[in-house]
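Read-outs: derived from the displayed coordinates by stated rules, not from any lab. All of these numbers come straight from a predicted model, not from anything done at the bench. Virtual Cβ from ideal backbone geometry, glycine too; neighbours counted across all protein chains shown.
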């Protein structure tokens, strides 16, 4: 639950209503009531403007909300929750509710496990699965037991880690404690990892200045000192290290990491007769320590090119830096358009004209409007007739906009490998993205051949979110990405780096494989509302971690070259 002293976001409101829907389903309540809360949660999560400032009458006028749920929303805004939710939660163990956070376990499964096996916690579920008692339930089996154990392992591994979006919220909350130019956020956050543990900050401001500021904004002070202070902000740990200005570069380098990169750098220093640590570089013979106010000075001292934070993983970047052969990585200012955006024609918030205006605001040359195909029923997708009508609206918008709306589609890759729209329709589109949206449990070879069939389709330009992962919620489906990358190279198909902080798919490891074999990457925000266009920076960072240069990323092409590539 969030603090009632702060206005909740639409996402936080939607989470409360969705939880209500799930708990009602666990209790076997009226299906229409379950659907009403679920539908309202979906509508709110996609709503383009904040709901917290609206009164009950305005909320009730939103289609799909109604007077009853409008009242619940006002309760959430005023108190952080609502009475009916707290009442139903009081009759269900908290540990049982936690089961809903496991991948592949929904309310119906939780209800069955609770009523038939008295499973009330993740530990209970693990015990029953390992004892092979779950397979005795009707509709369950050995594979279901294995999937439960896998989901538990994933949950425990990822529990407590933040998405980039969550980490940004924590970082933004602590920034006011520091004077600009006196600090840097380090750790995995600075390296651009897809998920973040804790937030590490290095500052040259003294503890007696910073600590009172931290106390005023933190939820909890864990430990406070002259060299280090740890606080909890928005439920997450923030560690602050205090450094003298002369040692700032050494401390920042050390705390940025990664551990493997730091070890490799220390080995380089040792080979040159020096000892490297967070305070500087010591001449092992003379016993004299040199201090560094910037990281660049340290790299220069070690006769290396500077290694940008995104590459510091000991994946060969140290050797490349020593030979002055590091790649020129793609930059945010080289991005000329967004290659995956949804409009109000399917489940997006913006009309075609509003997309064009948003593109102009961002300084883009183009945006690919790639609504869902009709086979994805929950997304209100487009059939062949709707695609034709949408084409006319895009043509009209392009007459008065400096940002061209490129007519695309995100077509479903069906379970048998066929696509969700006929070839004649796909052939009329300028860019076709093909994505898997269902049947995630298929075996590895079947899933791989399913995606390969899309790669080999003449109309498909980009494979969307190629592994299907949702960070913290769904593991990648079983797929042989090496085979997909090799075939994409042969067919000239691009692979998407879906820039949503909940996906970042494909990840940095697969991007490096792809660009190393000549496969291009398409960054798409998968934006459904205006705020999500900002996700582009996450995609750029992930591509940089994957060693992608500007020429490896389709978004650096001008509109004419992009359309020629896609033709």
Looking at segment 332-566, send over the antiparallel percent of its DSSP beta bridges, to the nearest 5.
10 percent
Report, in whole Å, the centroid distance computed from the Cα atoms of segment 312-346 and segment 483-514.
13 Å
Whether segment 162-242 is rounded, prolate or oblate, judged on the alpha carbon gyration tensor where a/c under 1.5 counts as rounded
prolate
Which whole-number percentage describes the relative contact order of the chain, with Cα contacts under 8 Å and a sequence gap of 6 or more?
10 percent
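Counting DSSP beta bridges with both partners in the chain, what percentage is antiparallel, nearest 5?
45 percent
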Ranked 236, 227, 358, criterion: other C-beta atoms within 10 Å, fewest first:
227, 358, 236
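Using only DSSP helix segments of four residues or longer, with each worth -39500 (n - 2.57), what per-residue ellipticity at 222 nm results for the chain after dividing by its residue count and rounding to 500? Don't skip to the end; give the middle numbers.
Working: 24 runs with 242 residues, N = 567.
My calculation for the chain gives -12500 deg cm²/dmol from helical runs alone.
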Got a sec? How would 372, 437 order by Cβ neighbour count within 10 Å, fewest to most?
437, 372
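With the contact rule set at Cα under 8 Å and sequence spacing of 6 or more, what percent relative contact order holds for segment 10-139? If you can, show how the numbers build up before the last one.
Working: 115 pairs, mean separation 28.3, N = 130.
Taking the mean separation of contacting Cα pairs over the length of segment 10-139, I get 22 percent.
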How far apart, in nanometres, would the label points at residue 215 and residue 560 be if each is projected 7 angstrom from Cα along the Cα-to-Cβ direction?
6.4 nm
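Can you check how the C-alpha radius of gyration of segment 118-216 compares to 2.2 N^0.38 Å, as a plain ratio?
Normalised Cα radius of gyration, segment 118-216: 1.70.
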Would you work out if segment 344-488 is rounded, prolate or oblate? Take a ≥ b ≥ c from the square roots of the eigenvalues of the alpha-carbon gyration tensor; rounded if a/c is under 1.5, else prolate when a/b is larger than b/c, oblate otherwise.
prolate
Any idea what Rg and Dmax come out to for segment 10-139 if you just take the C-alpha atoms, in Å?
16.6, 53
Length-normalised contact order of segment 162-242, Cα under 8 Å, at least 6 apart, in percent, tallies to 29 percent
How would you rank 314, 482, going from fewest to most other Cβ atoms within 10 Å of each one's own Cβ?
482, 314
Give the calculated FRET efficiency between residue 32 and residue 92 to the nearest 0.05, with a Förster radius of 22 Å applied to their Cβ-Cβ distance.
0.60
